[in-house]
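The values are calculated or read from the model by the stated rules, or taken from the named source; none is laboratory data. Given the structure is predicted, the values throughout are model-derived calculations rather than measurements. Glycine gets a Cβ as well: all are built from the backbone with ideal geometry, and neighbour counts include every protein chain shown. Just the protein is used for accessible areas: all its heavy atoms, side chains included, with ligands, DNA and RNA removed. Shrake-Rupley method; radii C 1.70, N 1.55, O 1.52, S 1.80 Å.
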Amino acid sequence: MWNEEMGNCTAIMEFILIGFGNLQDLQPLLFLLFLIIYIVTITGNLLIILLTLTDQQLHTPMYFFLGNLSFLETCYSSIILPKMLANLLSGERSISISGCLAQFYLFGSCVGIETYLLAAMSYDRYLAICRPLHYTSIMHGKFCVQLMTGAWIDSLLANGIILFLMAQLPFCGPNIIDHYFCDFVPLEKLSCSDTSLIELVTFLFVTTSLLTLPPFLLTLASYICIITTILQIPSDTGRKKAFSTCSSHLAVVTLFYGALIAAYLLPDTDALHRMNKIFSLFYMVITPLVNPLIYSLRNKEVSKSLRRESLGCCS
C-alpha cells in the first residue's frame with residue numbers, strides 16, 4: 001500500500017463509509033432494525049446448521065449443501081452487519097484501508113462460494129428429479145465434500161488475486177465511499193492510478209471465467225431440465241411432489257441472482273445509485289435473513305426435524 005506523497009496528493013489512511021449518513025434522525029431506529037435482523041439471521045442459520053448436523057434423517061447431500069449455505073449466510077452477515085451497527089451506534093463511519101480491503105476480500109469470497117454452492121444444489125436437484133436411478137452413485141458424500149472444497153479454494157484464490165492487485169493501488173483522496181461496505185466499484189473509483197489491469201482481471205474472474213457465469217449457466221441449465229421433466233409428469237400430484245423438492249432452492253436462487261444482477265448490472269448513473277444501494281441491502285442483509293425462513297417454512301423435512309428437536313427438548 002502506498003503511503004508516500006504522490007505528486008500533489010498525499011495517500012489516505014482510512015475511508016469514510018457514508019451508508020445512512022444522510023438519515024441522521026433515523027440512526028437509532030436503523031440500529032435497532034439491523035440489530036434485530038442480525039440476531040434473527042444468526043439464530044436461524046445456526047439452527048439449520050445444528051439440525052443438519054444432529055438429525056440423522058437430514059444426513060443427505062441436499063441438506064449437506066443446505067448446512068453449508070447457512071454457514072455461508074452467517075459469514076455474510078458477520079462480515080457486514082457488525083461494522084454497520086457500530087457505525088450507526090457511534091456515528092463514527094471511518095474504516096482503515098486494511099480493514100476495508102479485508103471486508104472487500106471476505107465478502108467477495110462469500111459471493112463466489114455461494115454461486116458455486118447454488119450450482120451444486122441445483123445439480124443435486126437435477127439428479128434427484130431427472131436422473132433418480134443415478135443419484136446415489138453420483139451424489140455421494142465424497143463427491144459433495146469435493147464440490148464444496150473446490151468452491152472454497154477457487155473463490156478464495158480468485159479473490160486473493162484481485163485483493164493483491166487492489167492492495168497495490170494508491171489511494172490519495174477523496175476517501176468518501178457512498179456505500180454501506182467496501183465493494184469493488186467504489187474502491188476502484190477512489191484510486192488515483194491506472195486501474196485497467198485490475199478491471200480486466202476482475203472481469204475475467206468474476207464475469208466470464210470462474211466465479212459467476214459458469215455456475216450461473218449450470219444452475220440455469222439444471223432448472224431448464226428440471227422444469228421440462230416436471231412438465232412431462234402425467235399427474236398433477238406427481239408434478240406438485242417433484243416441484244416441492246426444489247421450490248425452496250429455486251426461491252433462494254431467484255432472490256440471490258435477482259439482487260446480484262440488479263446491484264451490479266444496472267447502469268451506474270446518479271438516478272440509479274440510490275436503487276443500487278437498496279439492491280445491495282437485499283443480497284447482503286435480507287437474503288441471509290430470509291433463506292432459513294424459506295427452508296424452514298417450505299421444506300417439510302426441515303419442519304419435521306424442527307418439531308422432533310423441539311419435542312426432544314421438551315421431553
Selection from region 41-78 of residues more than 17 Å from the chain's Cα centre (by Cα) and open to solvent by 40 Å² or more (accessible area, probe 1.4 Å) yields T43, L47, L50, L53, T54, Q56, Q57, H59, T60, F64
Listed residues L165, L147; which is open to solvent by less than 40 Å² (accessible area, probe 1.4 Å), under 26 Å from the mean Cα position of the chain (by Cα) and without any contact (Cβ under 8 Å) to a residue 40 or more places away in the chain? L165
Do we find that G141 is surrounded by fewer than 19 Cβ atoms within 10 Å (Cβ to Cβ) and among the small types (G, A, S) in this structure? yes
Which residue pairs have Cβ atoms closer than 6 Å, lie 6 or more positions apart in sequence or on different chains, and pair a first residue in region 11-22 that is within 10 Å of R93 (Cα to Cα) with a second residue that is modelled with pLDDT under 70 and among the aliphatic types (A, V, I, L, M)? none
I'm trying to understand the selection: among the residues of region 250-266, which are closer than 24 Å to C130 by Cα, open to solvent by 20 Å² or more (accessible area, probe 1.4 Å) and of a type in the set (S, T, Y)? T254
Take the residues in region 81-102 that are within 21 Å of T287 (Cβ to Cβ) and either surrounded by fewer than 19 Cβ atoms within 10 Å (Cβ to Cβ) or of a type in the set (A, V, I, L, M, F, W, C) (or both); name whichever of them is modelled with the lowest pLDDT. L88
Of the residues L58, L72, L32, L47, which is under 29 Å from K142 (Cα atoms), of a type outside the set (F, W, Y) and at pLDDT 90 or above? L72
Every residue from region 168-200 that is among the aliphatic types (A, V, I, L, M) and either open to solvent by less than 30 Å² (accessible area, probe 1.4 Å) or free of Cβ contacts under 8 Å to residues at least 24 places away in the same chain (or both): L169, I177, L187, L190, I198, L200
Checked region 226-249 for anything modelled with pLDDT of 85 or more, open to solvent by less than 60 Å² (accessible area, probe 1.4 Å) and in a helix (DSSP H, G or I); matches are I226, T229, I230
Any hit, region 259-266, residues being part of a helix (DSSP H, G or I), modelled with pLDDT under 80, touching a His at 6+ places or on another chain (Cβ under 7 Å) and not acidic (D, E): no
